[in-house]
Amino acid sequence: MQHLRTQIVIAGAGPVGTVAAFYLASEGIDVILLESGSDCAQDLRASTFHPPTLEMLDRFGITEKLIARGLKAPIYHFRERNTGEIIDFDLGEIADTTDFPFRIQCEQYHLSRMLTENVLKQPNADVHFDHRVISFDQDQDGVDVYAETPNAIVHVRAQFLIGADGSNSIIRKWLDTDFDGFTYPEKFLCYTTTEALEQKLPNLCYVNYVSDPDEWMVLLKVPSLWRVLVPAKEGQDDSELLADAKKNQVFDGLLGNGEAVETEHRTIYRVHQRVAKRFMHERVAIIGDAAHLNNPIGGFGMNSGIHDAFNLCEKFVGIFKRNKDATTLLDMFERQRRKTTHDFIQAQTIRNMEYLSRGEGLEHQQRKNEMQRVHEDPMARREFLLRQSMIQSLEQEKELV
């Protein structure tokens, strides 16, 4: 058995784990990053980077690279599919609060791969692919982590373990912490296509949330593709959802000639609203999807995970570099990120989902009227933009010392 030692070991080389690894390594803290796959996964789900996330990543010199790779999206639309009505919001209105008053539309794996390359350049850090964490034990001095490779079991002794290993986190499962919440009854179906939707749908921007009583959808543009997200009725078989007939039906409703549309990917997944009872377990932390899950409406999932990583790593820098009390700082991380997750991320994504999915009747008309009122009131519109951009949640988090 191979034996390794480090100060912090991280499970998962997605955007959250790689952010944590590079943050810590750049501060001179020894890090080992373990990833079960042979590379950073080319996951197509997350593609939106919000202003505060861009500010965080800018300290690494990464933001300008994301801007170069991605699409700058200051404007996003809430659209009514039946009537064609559009309620537009422009992040340029809050340029006084951020250096990046826009979203960047760019696939998350670009960030993971860029940061992994940077981690490997640090003398005090290493990345091990094809290393699947299978178990761990902790004591008062540290954590023993065991990872399976194609040929052996590797043992890593560290002072702390960070679980950033996604929605099916083995770290969370071994901790046996409650993961309270619910799973949406319908499946979600995501298509990607090179079809130039912007040339066929009037006034389409890069980010569009489309309300409809029969089939709401989200239309997001990344540099090479459009992503089209739609719900699938409960009970529909996966083979039926992935078939050409379903694809034709979706794009018939959108463009009028679904058969002519070619797709690059067709992906089915379940969507959850869940939060772990605890994020910090003595010497083991869970962050990102390992700690909390939410629906994709608004693009908060990956961003909130990155915010977890920055908050936690700031605490570790205080512990390792400034000799601050570990219990005090890690309790603060727990308090700040769990409250932000509950009070903002979960609540806002549920509201966003309700606006799209209940696209008819009195309740939807009331929600639409409220959205229109917010749009027409400069002060209410500013508060909405600060909330949807995630700036407000981070400002409130600072108060939870």
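The values are calculated or read from the model by the stated rules, or taken from the named source; none is laboratory data. Remember, it's a predicted structure, so these values are computed and weren't measured experimentally. Every residue, glycine among them, receives a Cβ derived from its backbone with ideal geometry; neighbour counts consider all protein chains shown. Calculation scope for accessible area: heavy atoms of the full protein, side chains included, ligands and nucleic acids excluded. Shrake-Rupley method; radii C 1.70, N 1.55, O 1.52, S 1.80 Å.
Listing for the model above:
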read-out: Near pairs, Cβ below 6 angstrom, 6+ apart or cross-chain, from the stretch 200-216 (in contact (Cβ under 8 Å) with a residue 12 or more places away in the chain) to any residue that is of a type in the set (Lys, Arg); value: TYR206/LYS221; ASN208/ARG79; VAL210/ARG79; VAL210/ARG81; ASP212/ARG81
read-out: Complete set of residues in the stretch 77-110 that are among the aliphatic types (A, V, I, L, M), within 19 Å of LYS221 (Cα to Cα) and at pLDDT 95 or above; value: LEU91, ILE104
read-out: Residue satisfying condition, being in contact with a helix residue (DSSP H, G or I) (Cβ under 7 Å, 6 or more places away or on another chain), more than 30 Å from LEU254 (Cα to Cα), in a helix (DSSP H, G or I) and open to solvent by less than 30 Å² (accessible area, probe 1.4 Å), within set LEU33, LEU24; value: LEU24
read-out: Any helices (runs of 4 or more DSSP H) falling wholly within the stretch 310-401 and containing at least 2 residues that are over 30 Å from MET280 (Cβ atoms); value: 347-357, 361-376, 378-388
read-out: First in the stretch 168-191 and in contact (Cβ under 8 Å) with a residue 24 or more places away in the chain and over 12 Å from ILE286 (Cα atoms), second anywhere and surrounded by fewer than 14 Cβ atoms within 10 Å (Cβ to Cβ) and basic (Lys, Arg), Cβ under 7 Å, 6 or more apart; value: ASP178/LYS277; ASP180/LYS277; THR183/ARG270; GLU186/LYS233; LYS187/ARG270
read-out: Of all residues in the stretch 165-209 being in contact with a strand residue (DSSP E or B) (Cβ under 6 Å, 6 or more places away or on another chain) and of a type in the set (Gly, Ala, Ser), the one that is nearest to GLN2 (Cα to Cα); value: SER169
read-out: Considering residues of the stretch 55-69 that are out of contact with any helix residue (DSSP H, G or I) (no Cβ under 7 Å at 6 or more places or on another chain) and modelled with pLDDT of 95 or more only, the residue least open to solvent (accessible area, probe 1.4 Å); value: ILE67
read-out: Scope the stretch 87-99; condition surrounded by fewer than 15 Cβ atoms within 10 Å (Cβ to Cβ) and over 24 Å from the mean Cα position of the chain (by Cα); matching residues; value: ASP96
read-out: Residue that is most open to solvent (accessible area, probe 1.4 Å), among those in the stretch 70-86 that are assigned to a strand (DSSP E or B) and basic (Lys, Arg); value: LYS72
read-out: Residue match in the stretch 344-351 (condition: touching a strand residue (DSSP E or B) at 6+ places or on another chain (Cβ under 7 Å), at negative phi, at pLDDT 80 or above and open to solvent by less than 50 Å² (accessible area, probe 1.4 Å)); value: no
read-out: Any hit, the stretch 232-241, residues being among the basic types (Lys, Arg) and farther than 29 Å from GLN388 by Cα; value: no
read-out: Filter result (open to solvent by less than 40 Å² (accessible area, probe 1.4 Å), in a loop (DSSP other than H, G, I, E, B) and more than 26 Å from PRO202 (Cβ to Cβ)) within the stretch 237-267; value: ALA243
